[in-house]
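Beneath this line is the structure, given in structure tokens, with notes to follow.
The values are calculated or read from the model by the stated rules, or taken from the named source; none is laboratory data. Nothing here was measured: the structure is a model prediction, and the numbers come from that model. With ideal geometry, Cβ positions are generated from the backbone for all residues, glycine too; neighbour counts draw on all protein chains shown.
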């Protein structure tokens, strides 16, 4: 099968990587909307419009299954992607399910971009999956630029995280027992966050949960002898390739550039 | 006259503010491309395409003079905006001129987004305006998100600046005597940077220099009794209005939302 994955930029490569590792026999096609990244600071209407354009591009390429590897797009655009000729899976439902399934989860924290947090999507999913659970959310807008700068292991990253998560640090009276990393860039920050928050807080990586969530469609499908993988971006600036290597865990990535706004280009 | 100003987002409001203060009798029309902000991490081809779309929108509104209040667009797109029915002024040439005009300038530093610095536009302008001057540049990608988060006066902002500008701090052997704030967001960081770098470093604010640079067209033109001011954005998320108030120095701003990609919208 051909699995299509899109994200606002390159963060979704952490999801792509988890999918490739979980389902090595299948081909993948990734679209990163790097010409309009980030979505996390923008409004619902804009995010829905971009998600529909990305979806159309992937369907035109013949994907059999579509993964929305962007928390902001998953938060706002899933309803607008109903009725397509291919099944669509987002990252929020799998992430919420992994958090809610923890036996000890009684207070779940969620961190994400401004738009993801403002959407309330994780809170709704968690409240449905684990009725009565306590939920706390926190927007962390500086985390994405921090990861893209490659500063995830610096004292500055730690200081910024300590500022955002001040009342969840060890010793605070009312800490979450579970924390959902509700943005595809955040797995890169995981070691720093684990150290900062201590071993009592279980960190949930939505990328891995999403890779597992496509099982119903891929479980029975035959794999390919030589799966193909292609990476498309809407802007080919060099920085995206560099950060992409880190997120995908490869030494080199070859990015093909497509223009998503040809009709309005001039 | 009707002065049109565009920027990748809301940072250009610092330029708009300087223009309104310098030329209170003239009407202004601002376009912030908040649906595709930032430009600073993107490639030249994408920035040129966006700049042309923004320009067309402003010309359709009947502006008499166009100000490109975005360093990245000024760095890449000025040549592609030649031959329009209205004069076009960017921010780089005025900023460079203000820096080069300093009697004591022998080592000029420039800070900006990744794309502005990569373009080499300030270096070319400075080398032309003050032959033989020593020029040092530094990309500071975290400064814009820091300002948009409202953290410009925090110890974290200071730590990030100290990291970027480590070898320009007091006591370093080879410091610039002049520093160009080569991004429209950076005037907000000015007090912190002034304190960090000390009084020996002259800080150049390209916004004010740009407001002065439109004099040839406005100097002789009659003002209006009741000038009108309108602010357009391509995405109306609430955070943009909040940050816009800070950058424009007003308690309220009314943002009108326009869609720049109507033909490719669905």
Query raised in the report: What is the residue count in segment A:92-117 for residues that are under 20 Å from residue B:149 (Cα atoms) and either within 14 Å of another protein chain (Cβ to nearest Cβ) or out of contact with any strand residue (DSSP E or B) (no Cβ under 6 Å at 6 or more places or on another chain) (or both)?
Result: 6
Query - Filter result for residue B:47 (touching a residue at least 40 places away in the same chain (Cβ under 8 Å) and within 21 Å of residue B:120 (Cβ to Cβ)) - result: yes
Query raised in the report: When segment B:20-49 is examined, which residues are found to be buried (at least 24 other Cβ atoms within 10 Å of the Cβ) and away from chain A (no Cβ under 14 Å)?
Result: B:30, B:31
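Of everything in segment A:50-63 that's facing chain B (nearest Cβ under 9 Å) and in contact with a helix residue (DSSP H, G or I) (Cβ under 9 Å, 6 or more places away or on another chain), which residue is nearest to residue B:35 (Cα to Cα)? Outline the logic, then answer.
Step one: list which residues in segment A:50-63 are facing chain B (nearest Cβ under 9 Å), which gives A:50, A:52-53, A:56.
Subset that is in contact with a helix residue (DSSP H, G or I) (Cβ under 9 Å, 6 or more places away or on another chain): A:50, A:52.
Values: A:50: 10, A:52: 15 Å.
Looking at residues that are facing chain B (nearest Cβ under 9 Å) and in contact with a helix residue (DSSP H, G or I) (Cβ under 9 Å, 6 or more places away or on another chain), I get A:50.
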Query raised in the report: Does at least one position in segment A:180-191 carry a residue that is surrounded by fewer than 17 Cβ atoms within 10 Å (Cβ to Cβ) and touching a residue at least 12 places away in the same chain (Cβ under 8 Å)?
Result: yes
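So, in segment A:79-105, of the ones that are within 19 Å of residue A:181 (Cβ to Cβ) and in a loop (DSSP other than H, G, I, E, B), which residue ends up farthest from the chain's Cα centre (by Cα)?
The extreme case among them is A:104.
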Query - Single condition residue A:77 does not satisfy, out of (1) more than 11 Å from every other protein chain (Cβ to nearest Cβ); (2) in contact with a strand residue (DSSP E or B) (Cβ under 8 Å, 6 or more places away or on another chain); (3) touching a residue at least 40 places away in the same chain (Cβ under 8 Å) - result: (3)
Query raised in the report: Taking segment A:118-172 on its own, how many of its residues are under 19 Å from the mean Cα position of the chain (by Cα), buried (at least 16 other Cβ atoms within 10 Å of the Cβ), in a loop (DSSP other than H, G, I, E, B) and within 12 Å of chain B (Cβ to nearest Cβ)?
Result: 4
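Which is at pLDDT 95 or above and over 22 Å from residue B:116 (Cβ atoms), of B:160, B:156?
Only one candidate passes the filter, namely B:156.
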Query raised in the report: Restricting attention to segment B:12-23, which residues are touching a helix residue (DSSP H, G or I) at 6+ places or on another chain (Cβ under 7 Å) and outside any helix (DSSP H, G or I)?
Result: B:23
Report summary line: For segment A:1-16, the count of residues that are at pLDDT below 95 and surrounded by fewer than 23 Cβ atoms within 10 Å (Cβ to Cβ) equals 1
Requested in this report: Hand me the list of helices (runs of 4 or more DSSP H) wholly inside segment A:173-266 holding 1 or more residues that are in contact with a strand residue (DSSP E or B) (Cβ under 7 Å, 6 or more places away or on another chain), closer than 23 Å to residue A:18 by Cβ and away from chain B (no Cβ under 14 Å).
Outcome: A:190-197, A:206-213, A:215-218
Requested in this report: Return the residue satisfying two criteria in turn: it lies in segment A:249-266 and is crowded, with 19+ Cβ neighbours inside 10 Å and touching a helix residue (DSSP H, G or I) at 6+ places or on another chain (Cβ under 6 Å), and of such residues it is modelled with the highest pLDDT.
Outcome: A:255
Query raised in the report: Is one or more of the residues making up segment A:61-68 assigned by TED's automatic domain parsing to the domain that holds residue A:10, surrounded by fewer than 20 Cβ atoms within 10 Å (Cβ to Cβ), free of Cβ contacts under 8 Å to residues at least 60 places away in the same chain and more than 22 Å from residue A:191 (Cα to Cα)?
Result: yes
